[in-house]
Amino acid sequence: MKMYRSHILVAEDSKSLSKGAKEIEELISKELRALGLDEEVLVAPTGSLGFEDIGVAIAVYPDGVIYAPVTQNDVPRIIKEHLLKGRIVKELAHEIGKKDVTVTESRAERVLSIQERVLLKRVGVINPESIEEYIAEDGYLALEKAIEKGPQWVLEEVKASELRGRGGAGFPTGKKWEFTAKAKSDVKYVICNADEGEPGTFKDRVIMEGDPHLLIEGMILAGFATGANYGYIYIRGEYDLSIRRLQKAIDQARSYGFLGENILGSGFSFDIEIKKGAGAYICGEETALIESIEGKRGEPRKKPPYPPTCGLWGKPTVINNVETLANVPPIVVNGAEWFKKFGVPGSYGTKLFSLMGDVNYKGVIEIPFGVKLSSIINDVGFGIKGGKKLKGVILGGVSGSLITPNEIDTPVDFNSLALIEAGPGSGSIVVLSEDRCIVDIAKNIAYFFRHESCGKCTPCRVGTEEMYKIIDSISKGFGEVKDLERLDKLSTSMKLTSFCGLGQTAPNIIQQSLRKFREEWLEHINERKCSANVCEFEEIMEEVTNE
Amino acid sequence: MKGKSLIDVLHEIQESNPENYVPENLAKKVADTFKTSPAKVYGVVTFYTMFSIKPRGKHIIRVCRSLSCHLADGEKIVKKLKEELGVDFGETTEDKEFTLEESSCLGMCSIAPSMMIDDVPFGNLKEEDIPVILKKVREGVL
Amino acid sequence: MSDLVNVKIDGRPYQFEKGTTILKACKSIGIEIPTLCYLEGIAEEGSCGVCVVEVKGSRTLQRSCITEVTEGMEIITNSPVVREARKTNIELALAHHDITCPTCVRDDNCELQTLARRLGVKEVPFDKIGSFYEKDLGGPVIRDPSKCVYCRRCVSVCENIQNVNALTVAKRGIKTYIGAPFDLRLVDSPCVNCGQCIMNCPTGALSERDDTDKVWEALSDTEKYVVVSTAPAIRASLGELFGLPAGTFVRGKVARALRLLGFKKIFDTNFTADLTIVEEAHELIERVKNNGVLPMTTSCCPGWIKYLEEYYPEFIPNVSSCKSPQQMMGAIVKTYFAEKMGIPKEKIFHVSIMPCTAKKYEADRPEIDASGVKDVDAVLTTREIARMIKEAGIDFVNLDDSDYDLPLGEYSGAATIFGATGGVMEAALRTAYEMLTGETLEAVDFVEVRGLEGIKVSDVNIDGVNIRVAVANSLGSASKLLEKVKAHEENVHFIEVMACPGGCIGGGGQPIPTNDEIRLKRIQALYKDDSERKIRKSHENPYIKQLYEEYLGEVGGPKAHHLLHTHYTPRSPWEALEKVSLNK
């Protein structure tokens, strides 16, 4: 094995690739060859380093320096100065860990130090296309331990950890697994829900692109604990890079004997197949997902029966989110008690949050449960962009909740959020500044649900269309006060009688905004005024208010 | 494992078709293979936004219209795309190069506004980026 | 041993068998929960959201049609929340509906309308959503998407009961489309025009092409000699559309009403049903004797014929070459009758009243006309003729009986049971027996082939020879039977197929609603008529004998063949898709 003195890792997640990360990687290799350093310095791709919102990022190890954003012009200088001469290029660097080098904005340190990188441990550290690097970083240790201890032990450990689903519903994972483990059937399945369609959510792709073997190991453990021999990863069709990296990882795992017959001599067999989605948010709903794998329209099934006892092809099926499954290997390796060191009672462990909107730092972060939302925004997000005032936060995706400034100190965990009728949901945090218009946001959300409704049930099929029509009319200046009553009535009805979670949660934010931001709605209706200057009213009398 | 599903096969048909769609006569063949009816296959193809029953351009542009991209002035990008291409959503350019489609959240929210052209993601878009990107795609550089 | 579960409904304790739905449980204790999309055995999807109830512990309301009772469940069927929710869902359905009740074909017989009234809907507080799709007016079965409530019953029937698969659910959300795929009209799809979709549609989204204008025009055309013939099923069904109980025998009133409408001659298709039997029994015996193609199948159902031509063309040689009674009537009217009366056949306008929508298609089949002009000029369903009778101000219920006109108005008991599944078989056996053995058949009732079961098989001993017969009703059953025959699992000689469940009395043109209870009552009326007739065998019908003696000559002879027999054509069910689209 070659002994390199330095590693340069280039972040090559989808976003970074879209910014030219591959070209940077190639240029670095060229520069190293030109200086005769290619035998001493290894260049490799890695997952997200957390800086894709500003540009391409590279990390130089063992020094622990991140350069971001890196342009093609910066490369020769970095290679010559840092790799050849050993001098860090301070102006371009963000440093992690080293205290004696001053940096203008030690963003990396703050961003990365507040975080607990359990799930993201290897993201940005290893080459996601190398199973060897995964193994070198404690990869497949959990699987070995599980085989040694047996399926019952694994199930009990996951139960004891009180791990809750990370897709949005927060159902206790161990409990779900137990239903399937106890079900008697010739065939059982494990499905990974990698549909990640909730607007404002992009955390699962970070794992799939940056540490795909973590997900695979998690799935094998799920199968082992529940008695399932087949796994499917249902991944949305638009996630091409994730699909490619996962498929490569599956092939590698097979060749190493982690997948297939008689895994590591245990007698347990498990294999995984990827199923591509084709552009339907509703397929994130577990029964619609099952229908899609079966090759049908993604229309939800009635529950009961529930998938753990009657799911794919009518067989007991465990369906877990990517992040949920990613938690399993660390729990198995380190134990349930270790896991409970993170988070708070009722919400143990860490959570991936997708932070965006009017914050200074946008990206995926990993934080233990129980941190105040205000702290996340200020300490990790570096506060509101442009120093503006906070208007609100959309937490948990567009099917989540609307948090107002006076609720912003709520700790982010299931129980605390439940007290304000909210939940962590998918972990999406969209920060809204005072420059935003609630009516415009409500319209965008209504448009989304109308586009994604599967059409099976009347309350959602017609309800989402009517909701959009009413809000659109208000945004154009044609609203009447009774429209707010109509919206409210429609919302309640959809929440109570829609066939599935999509229709039941579609009105959440809109209905909450009617209450929490009523003055803004009324302003649009009674005064034909949009304080944020976003809405374009039609048939305007004066020429002044126009954007 | 049960092997390829109808949706897997539809993906394959579309991906190997330069016009990026599922032709009617193939829909019938697929129905026969899966022992189902063309009516059912049509119901599946038209349910999912990634499938098309009508011919499309060589390149499919999916521009995101969901919350994060909207907040990042995504509508300006949408407008610019429609202008540059001279088409509306669901339409294909005269030279059959591009089909413009509106998409829900593409999972690139921290680099909003964003779009995808075929399987390539583009983020942090500014209006002036659009003609440059379109040119590069036409030239086959990307 | 069935488990019982204890539940509370509206505060009162009850016990029900495990697996009972809340809807059925409530029905059994006198609570009628409103439903729209639900239709037992056909649509149990829970799409409309009308049948919701409160269940303690659940944060959403539950659909009573698909939720089973469980131990300890506490259900509230009537609360402000529940009533408001049901109403809102009807209001939403109405918002996406083109409300044209007074001019809609289903006015006063529409499930959406009934529910709106029942739930006290006073206004629709939502914007009207126009239909995204055009009406499909191409053929006998027409679709109006602006009235669709998306219950999907039609798709379920077409797929699961009829196995035709012409209809589908496509696209999604508010743009969901229910109809034939690939932008095809129904006429360009495998649709066989059986009309079972119409029979199950809760609103006016599906109906038959209205041919009454054509008939009114003919009736007032002094140049035309308009005659009418009525199917077996009409006499047992038409009364329902005038408020009479299902199964009231109204033959005499039908004739009187038709006379008052202005038809010059009232003929009975039962007469040509007898004719069909004579020809068909003869054909069967010839095949049996001379090792002809067996099994033979009946051919009087045009839905069945089109289905077979599309999906089982390999069985075309098996089908009897006999025309249906409707088409035989057409041929005889335009030749025998015309010549006998000295009326030029071009002047005769022949209207056929049928319980069937596929008969509209049959009348237009190109190979079917033997007289040189159109044998059947217009086909009206039971529903259409009822509308004409009402429009003319005729008080049907209080009419005196009139008789049908000779020589095409008399029939045997065997003819009248054609309307019931198994009826054609029974009629054919009565005649075939006597034709084969030359002996008189005493036991004319073949009860094994009666009833609503999908496939009925029976062994009949004719002169020491075992003839095995099978009767299928619904195309799904017919398909199952044919698969068995193909796999040599079923060795039958003669098969009767009726496309519609219950036979023609359950046809696509019949009064709505039609359910098993009503089917049985209509069937009962026909068998009663049969049992009361003096002549119960087709070949004993004296006017049939007269027809052969005076005009046709030999049974199965050349003239009979020319006028009364036809042929069939294989057709590709999805021909429209098979051409490679070059420039779409």
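Does C:Gly57 satisfy the condition of being over 18 Å from A:Cys500 (Cβ atoms), modelled with pLDDT under 95 and surrounded by fewer than 23 Cβ atoms within 10 Å (Cβ to Cβ)? Don't jump to the end; show me each part of the working.
Working: over 18 Å from A:Cys500 (Cβ atoms): yes; modelled with pLDDT under 95: no; surrounded by fewer than 23 Cβ atoms within 10 Å (Cβ to Cβ): yes.
No: the conditions fail for C:Gly57.
For the range A:497-512, give me the residue count where each residue is within 7 Å of another protein chain (Cβ to nearest Cβ), in a helix (DSSP H, G or I) and either surrounded by fewer than 24 Cβ atoms within 10 Å (Cβ to Cβ) or touching a residue at least 60 places away in the same chain (Cβ under 8 Å) (or both).
Taking the range A:497-512 and keeping what is within 7 Å of another protein chain (Cβ to nearest Cβ), we get A:497, A:499, A:504.
In the following step, the residues that additionally are in a helix (DSSP H, G or I) were identified as A:497, A:504.
Still in the list and also either surrounded by fewer than 24 Cβ atoms within 10 Å (Cβ to Cβ) or touching a residue at least 60 places away in the same chain (Cβ under 8 Å) (or both): A:504.
Final tally of qualifying residues: 1.
Would you confirm whether or not the range B:64-71 contains a residue that is assigned to a loop (DSSP other than H, G, I, E, B) and within 8 Å of another protein chain (Cβ to nearest Cβ)?
Quick first cut of the range B:64-71, residues assigned to a loop (DSSP other than H, G, I, E, B) only: B:65-66.
Next, only the ones that are within 8 Å of another protein chain (Cβ to nearest Cβ) stay: B:65-66.
Yes.
Just a yes or no: is a residue in the range C:511-527 in contact with an Asp or Glu (Cβ under 7 Å, 6 or more places away or on another chain), of a type outside the set (Ser, Thr, Tyr) and either at pLDDT 95 or above or not assigned by TED's automatic domain parsing to the domain that holds C:Leu406 (or both)?
Quick first cut of the range C:511-527, residues in contact with an Asp or Glu (Cβ under 7 Å, 6 or more places away or on another chain) only: C:511.
Now narrow it down to the ones that are of a type outside the set (Ser, Thr, Tyr): C:511.
This time we only want the ones that are either at pLDDT 95 or above or not assigned by TED's automatic domain parsing to the domain that holds C:Leu406 (or both), so: C:511.
Scanning the range C:511-527 turns up at least one residue that is in contact with an Asp or Glu (Cβ under 7 Å, 6 or more places away or on another chain), of a type outside the set (Ser, Thr, Tyr) and either at pLDDT 95 or above or not assigned by TED's automatic domain parsing to the domain that holds C:Leu406 (or both).
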Item to complete: Check A:Ser16, A:Ser29, A:Ser48 and return the single one that is surrounded by fewer than 20 Cβ atoms within 10 Å (Cβ to Cβ) and either touching a residue at least 40 places away in the same chain (Cβ under 8 Å) or part of a helix (DSSP H, G or I) (or both).
Response: A:Ser29
Worksheet entry | Matching option when the condition is in contact with a Ser or Thr (Cβ under 8 Å, 6 or more places away or on another chain), farther than 30 Å from A:Leu487 by Cβ and of a type outside the set (Ser, Thr, Tyr), among C:Glu159, C:Glu111, C:Glu134 | C:Glu159
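Residue-wise test of (1) crowded, with 21+ Cβ neighbours inside 10 Å; (2) in a loop (DSSP other than H, G, I, E, B); (3) assigned by TED's automatic domain parsing to the domain that holds C:Ile505.
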{"position": "C:Ile266", "(1), (2), (3)": "yes, no, yes"}
{"position": "C:Asp274", "(1), (2), (3)": "yes, no, yes"}
{"position": "C:Val278", "(1), (2), (3)": "yes, no, yes"}
{"position": "C:Ala281", "(1), (2), (3)": "yes, no, yes"}
{"position": "C:Val288", "(1), (2), (3)": "no, no, yes"}
{"position": "C:Asn291", "(1), (2), (3)": "no, yes, yes"}
{"position": "C:Ser299", "(1), (2), (3)": "yes, yes, yes"}
{"position": "C:Ile305", "(1), (2), (3)": "yes, no, yes"}
{"position": "C:Phe315", "(1), (2), (3)": "no, no, yes"}
Worksheet item: For the range B:14-41, how many residues are more than 11 Å from chain A (Cβ to nearest Cβ), assigned to a helix (DSSP H, G or I) and buried (at least 18 other Cβ atoms within 10 Å of the Cβ)?
Response: 7
Fill in: Residue in the range A:178-199 that is farthest from the other protein chains (Cβ to nearest Cβ), counting only those that are over 25 Å from A:Gln247 (Cα atoms) and of a type in the set (A, V, I, L, M, F, W, C)
A:Ala181
Worksheet item: C:Val333 is checked against (1) closer than 30 Å to C:Pro190 by Cα; (2) part of a helix (DSSP H, G or I) and fails just one. What number does that condition carry?
Response: (1)
Worksheet item: What do you reckon, is A:Leu402 touching a helix residue (DSSP H, G or I) at 6+ places or on another chain (Cβ under 9 Å), buried (at least 24 other Cβ atoms within 10 Å of the Cβ), of a type outside the set (Lys, Arg) and at negative phi?
Response: yes
Worksheet item: Quick check: anything in the range C:25-44 over 29 Å from the mean Cα position of the chain (by Cα), polar (S, T, N, Q) and assigned to a strand (DSSP E or B)?
Response: no
Fill in: Criterion violated by C:Leu475 - all others in (1) within 26 Å of the chain's Cα centre (by Cα); (2) surrounded by fewer than 15 Cβ atoms within 10 Å (Cβ to Cβ); (3) of a type in the set (A, V, I, L, M) satisfied
(2)
Discussion item. Condition first: part of a loop (DSSP other than H, G, I, E, B), of a type outside the set (S, T, N, Q), at negative phi and away from chain B (no Cβ under 11 Å). Can you find one or more residues in the range A:435-446 that meet it?
Written reply: no
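Of the residues A:Lys482, A:Lys456, which single one is closer than 16 Å to A:Gln511 by Cα, within 11 Å of chain C (Cβ to nearest Cβ) and of a type outside the set (Asp, Glu)? Walk me through it before giving the result.
Details: A:Lys456 fails: closer than 16 Å to A:Gln511 by Cα.
Matching residue, one of A:Lys482, A:Lys456: A:Lys482.
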Practice prompt. Being in contact with a Phe, Trp or Tyr (Cβ under 8 Å, 6 or more places away or on another chain) and either assigned to a loop (DSSP other than H, G, I, E, B) or over 28 Å from A:Ser354 (Cβ atoms) (or both) is the filter; apply it to the range B:106-136 and report the residue that is farthest from the other protein chains (Cβ to nearest Cβ).
Written response: B:Leu134
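Filter the strands (runs of 3 or more DSSP E) completely within the range C:112-192 down to those with at least 1 residues that are facing another protein chain (nearest Cβ under 9 Å) and within 27 Å of the chain's Cα centre (by Cα). Outline the logic, then answer.
Values: elements: C:141-143, C:168-170, C:177-179.
So the answer is C:168-170, C:177-179.
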Worksheet item: If you check every pair at least six apart or on different chains, which have Cβ atoms under 6 Å apart with a residue in the range C:17-35 that is in the same structural domain as C:Arg63 (by TED's automatic domain parsing) first and a residue that is among the acidic types (Asp, Glu) and at pLDDT below 95 second?
Response: C:Lys18/C:Asp3
Worksheet item: Pairs under 7 Å by beta carbon, first residue exposed (fewer than 15 other Cβ atoms within 10 Å of the Cβ) in the range A:334-353, partner part of a strand (DSSP E or B), six or more apart or different chains?
Response: none
Worksheet item: Do you know which residues across the range A:283-318 are at the interface with another protein chain (Cβ under 8 Å from one of its Cβ atoms) and hydrophobic (A, V, I, L, M, F, W, C)?
Response: A:Ile293, A:Trp313
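When you go through C:Gly195, C:Gly204, C:Gly239, C:Gly262 one by one, which is the residue that is among the small types (Gly, Ala, Ser), at pLDDT 95 or above and surrounded by fewer than 20 Cβ atoms within 10 Å (Cβ to Cβ)? I'd like the intermediate steps shown before the answer.
On the way: C:Gly195 fails: surrounded by fewer than 20 Cβ atoms within 10 Å (Cβ to Cβ); C:Gly204 fails: surrounded by fewer than 20 Cβ atoms within 10 Å (Cβ to Cβ); C:Gly239 fails: surrounded by fewer than 20 Cβ atoms within 10 Å (Cβ to Cβ).
Among C:Gly195, C:Gly204, C:Gly239, C:Gly262, only C:Gly262 is among the small types (Gly, Ala, Ser), at pLDDT 95 or above and surrounded by fewer than 20 Cβ atoms within 10 Å (Cβ to Cβ).
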Worksheet item: Residues in the range A:488-496: is at least one over 29 Å from the mean Cα position of the chain (by Cα) and more than 14 Å from chain C (Cβ to nearest Cβ)?
Response: no
Worksheet, complete the sentence: With criteria (1) within 14 Å of chain B (Cβ to nearest Cβ); (2) within 19 Å of the chain's Cα centre (by Cα); (3) assigned to a helix (DSSP H, G or I); (4) among the charged types (D, E, K, R), A:Glu238 comes up short on (3)
Response to the item:
Listed by first then second residue, the pairs whose first member lies in the range A:255-279 and is more than 14 Å from chain B (Cβ to nearest Cβ), whose partner is β-branched (Val, Ile, Thr), with beta carbons under 6 Å and at least 6 positions apart or on separate chains, are A:Leu264/A:Ile147; A:Ser266/A:Ile147
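Please verify whether A:Asp53 is part of a loop (DSSP other than H, G, I, E, B), within 14 Å of another protein chain (Cβ to nearest Cβ) and either crowded, with 21+ Cβ neighbours inside 10 Å or touching a strand residue (DSSP E or B) at 6+ places or on another chain (Cβ under 8 Å) (or both), treating the condition exactly as stated. Don't jump to the end; show me each part of the working.
Working: part of a loop (DSSP other than H, G, I, E, B): yes; within 14 Å of another protein chain (Cβ to nearest Cβ): yes; either crowded, with 21+ Cβ neighbours inside 10 Å or touching a strand residue (DSSP E or B) at 6+ places or on another chain (Cβ under 8 Å) (or both): yes.
For A:Asp53, the condition - part of a loop (DSSP other than H, G, I, E, B), within 14 Å of another protein chain (Cβ to nearest Cβ) and either crowded, with 21+ Cβ neighbours inside 10 Å or touching a strand residue (DSSP E or B) at 6+ places or on another chain (Cβ under 8 Å) (or both) - is met.
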Discussion item. Can you find, within the range B:57-83, the residue that is farthest from B:Lys135 (Cα to Cα) among those that are surrounded by 21 or more Cβ atoms within 10 Å (Cβ to Cβ) and among the basic types (Lys, Arg)?
Written reply: B:Arg65
Worksheet entry | Counted residues, the range C:190-232 - those being farther than 30 Å from C:Tyr150 by Cβ and touching a Lys or Arg at 6+ places or on another chain (Cβ under 7 Å) | 6
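The values are calculated or read from the model by the stated rules, or taken from the named source; none is laboratory data. Just so we're clear, the structure is a prediction, and the values are computed from it rather than from any experiment. Virtual Cβ from ideal backbone geometry, glycine too; neighbours counted across all protein chains shown.
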